[in-house]
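Q: Have a look at the structure that comes next, please.
A short reminder: the numbers here are calculations on the coordinates, not readings from a lab. The shown structure was predicted, so the numbers you read here are calculated from the model rather than taken from an experiment. Positions of Cβ are backbone-derived with ideal geometry, glycine not excepted, and every protein chain shown enters the neighbour counts.
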Amino acid sequence: MKIRLTFTFAILIFILSSCSFGSLNLKDKPFETEDFLMGTVITQRVYGSNAGIAAKEATARMKAIEQLMTINAPGGDINRLNEAAGKNAVVLSPETINLLATAKEYAQMSGGAFDVTIGPLVKAWGVFTDNPRVPPIEEIQRLKKLTDYKKLMIDAVNLTAKLEIPGQIVDVGGIAKGYAGDEVIKIYKKLGIKSAYVNLGGNVVVLGTKSDGKPWRIGIQNPRAENGIYLGIVSVTDKAVVTSGDYERFFEKDGVRYHHILDPKTGYPSDSGLISATIVTDVSMDADALSTSVFVLGLEKGMALIESLKGVEAILVTEDKEVYATEGIKSSFTFSDESKEFKYAEKR
Ligand code: ADP
Ligand code: MG
């Protein structure tokens, strides 16, 4: 009898302890999801008891943003704005107005290197389609005239916007994923999440620290190696780490690489001497607009822009395979290049 009791008691202890181990594990193991949205793979790694709910709500939110901002499906805000180009102003949601206003700010700040009215040129090159092409120079010259953010009128009071020139097309591909990243973090916070990571095709945003209390370690992709091979690691807490690179989307013709970030001044893929630009800052929408801006501006002008902004850091990689980091990020950036092809220019 006594033996049986002890035995039952032992089993009970075992069950209880494995339960508590179980819940501990659940807490330490993230809820992970992978979705294909906004033209890219989106990974979420969320910790805490509401992790599953938070990740699902975040996915739904990103789907809604995609609907609103895509140029490919009818009915969304950006699509309606483009349809009305040269005709009339359209009423848009406050969030689209806000995103367009931010895009315009960065267009001004970058002297037009970042310009969301780049749509006609993006379409002509078709880097994202099955039939990319090098458009004839006359076509590029003609479409370049449609790329002009000053002709995107925004009325923030009445929540309307208008493209002044017929044929103008807004393409928010250079900023929308950044915005979505901020919205995802908002949802995590609302649901009490303290630790999470979301990666929207190279736009990484982290909330808090890793579950072990240490900073998140984000790899900086080697632009000339396969995916997952890094040039170094940045350690960050509560930050957006956003990269624009010529390796993300491109096609090759006659040995030339034509990539997806266009220089509004030439109408051709940006050839500024940078092959990748990473921005580290608090707001992911800012980081996204800036990564594209700096990529187009090049090393000197790009660095000057970043250094004029508070709380913004950058890691830039040149086609000569040199890596530059701003002062403020040097202590959290570890350069480590397996390929041994790149040089870290610690002093500038
Ligand atoms: P990714 O989308 O690969 O993360 P970016 O944030 O740099 O890279 O955005 C590139 C996208 O932005 C392009 O696919 C295109 O839709 C759009 N775009 C291209 N050139 C420019 C530019 N000069 N200014 C603003 N948007 C641009
Ligand atoms: Mg961008």
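Q: For the stretch 44-79 and the stretch 86-152, write down the distance between their C-alpha centroids in whole Å.
A: 23 Å
Q: Can you give me the angle between helix 51-69 and the longest principal axis of the chain, using Cα atoms only, in degrees from 0 to 90, rounded to the nearest 10?
A: The angle comes out at about 10 degrees.
Q: Step through the table entries Lys177/Lys239; Lys104/Lys144; Lys310/Lys330; Lys310/Lys340, compare each Cα-Cα distance with 21 Å, and write down the pairs that go over it.
A: Lys310/Lys340
Q: Just to confirm a number: summing +1 for Lys and Arg and -1 for Asp and Glu over residues other than Leu305 whose beta-carbon lies under 14 angstrom from that of Leu305, what do you get?
A: Taking every Cβ under 14 Å from that of Leu305, the sum is -3.
Q: Just grab the label-to-label distance for Glu319 and Ile233, each label 7 Å out from Cα along the Cβ direction, in nm (one decimal).
A: Reported label-point gap for Glu319 and Ile233 is 3.2 nm.
Q: Continuing with the same structure: How much length is gained if the chain between Glu164 and Asp282 is pulled fully straight, taking 0.36 nm per residue apart and subtracting their Cα-Cα distance, in nm to one decimal?
A: The span from Glu164 to Asp282 would gain 39.1 nm if fully extended.
Q: Using the alpha-carbon centroid of each, what span in Å lies between the stretch 154-231 and the stretch 258-314?
A: 15 Å
Q: May I pose another question? To test your reading of the geometry: what angle, between 0 and 90 degrees and rounded to tens, separates the Cα axis of helix 284-297 from the longest principal axis of the chain?
A: 40 degrees
Q: Another question, if that's okay. Under a plain spin-label model, where a point goes 7 Å from the Cα along Cα-to-Cβ, how far apart in nm are Glu226 and Glu105?
A: 4.2 nm
Q: Roughly what angle does helix 176-190 make with the longest principal axis of the chain, taking Cα atoms, 0 to 90 degrees, to the nearest 10?
A: Rounded to the nearest ten degrees, it is 30.
Q: Wrap a convex hull around the Cα atoms of the chain, take a quarter of its surface area, and give that in square nanometres.
A: The directionally averaged projection comes out at 22.3 nm².
Q: I've got another one for you. With a Förster radius of 51 Å, plug the Cβ-Cβ distance of Gln141 and Lys214 into 1/(1 + (r/R0)^6) and report the FRET value to the nearest 0.05.
A: 0.45
Q: Same structure, new question: Between Asp337 and residues 5 or more places away or on another chain, which pairs have amide H atoms under 5 Å apart, with H built 1.01 Å from N, and which residues are they?
A: Here the answer is none, since no amide H 5 or more places off falls under 5 Å of that of Asp337.
Q: Same structure, new question: With the chain treated as a Gaussian network of Cα nodes joined by springs under 10 Å, which of Val296, Val157, Val205 yields the largest mean-square fluctuation?
A: Between Val296, Val157, Val205, it is Val157 that shows the largest mean-square fluctuation.
Q: If you don't mind, another one. Within 10 Å, count the other beta carbons around each residue, average over each peptide in 107-116, 92-101, and list them highest first.
A: 107-116, 92-101
Q: Between Ser331 and Glu34, take the C-beta separation as r, use R0 = 41 Å, and let me know the FRET efficiency to the nearest 0.05.
A: 0.80
Q: With r defined as the distance between the Cβ atoms of Ala156 and Asn72 and R0 fixed at 25 Å, what FRET efficiency is calculated, to the nearest 0.05?
A: Approximately 0.40, to the nearest 0.05.
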